[in-house]
Amino acid sequence: QVQLKESGGGLVQAGGSLRLSCAASGRTFGIFVMGWFRQAPGKEREFVAAINWSGTGTYYAESVKGRFTISRDNAENTVYLQMNSLRPEDTAVYYCAARMRPGLSPSYAYDYWGQGTQVTVSS
């Protein structure tokens, strides 16, 4: 199985930036896709971004396109989410996830999840 651990969350003012990291361990050789999701209080979990482990493609939710960037470092088994121009509505618990099959669509299922890291954007 795969273990995922997020880090980098915290409190930031509106307009600021934050970089989240997700370190993967275990059977990382089987990972096809890494993704980021978020869940705000009282709202459903929503897709944020995904990247092929091979680096052949990315996919972003419309709400974060142009502000967030997903990237990966295969040598360190780590995926990143660079978040710029943060807004209060970005406040949520952010989760990283691993998919053991191809496909970047937000409707596709993920197989492993981290415990989440809190991001709070103040006005």
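Computed values, structure above
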read-out	value
Test for residue 15: is it in a loop (DSSP other than H, G, I, E, B) and in contact (Cβ under 8 Å) with a residue 24 or more places away in the chain	yes
Any pair with Cβ under 7 angstrom, 6 or more apart, that starts in region 76-88 at a residue that is of a type in the set (Gly, Ala, Ser) and ends at one that is surrounded by 14 or more Cβ atoms within 10 Å (Cβ to Cβ)	85/67
Residues of region 59-76 satisfying the condition of being part of a loop (DSSP other than H, G, I, E, B) and open to solvent by less than 40 Å² (accessible area, probe 1.4 Å)	61, 64, 67
Which listed residue, of 61, 40, 14, is touching a Leu at 6+ places or on another chain (Cβ under 9 Å) and either at pLDDT 95 or above or of a type outside the set (Gly, Ala, Ser) (or both)	14
Residues of region 1-57 classified as over 13 Å from the mean Cα position of the chain (by Cα), farther than 21 Å from residue 122 by Cα and small (Gly, Ala, Ser), total	6
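The values are calculated or read from the model by the stated rules, or taken from the named source; none is laboratory data. From a predicted model like this one, the values you see are computed outputs, not experimental measurements. Note: ideal-geometry Cβ built from the backbone for every residue, glycine included; neighbour counts use all protein chains shown. Heavy atoms of the whole protein, side chains included, go into the accessibility calculation; ligands, DNA and RNA do not. Shrake-Rupley method; radii C 1.70, N 1.55, O 1.52, S 1.80 Å.
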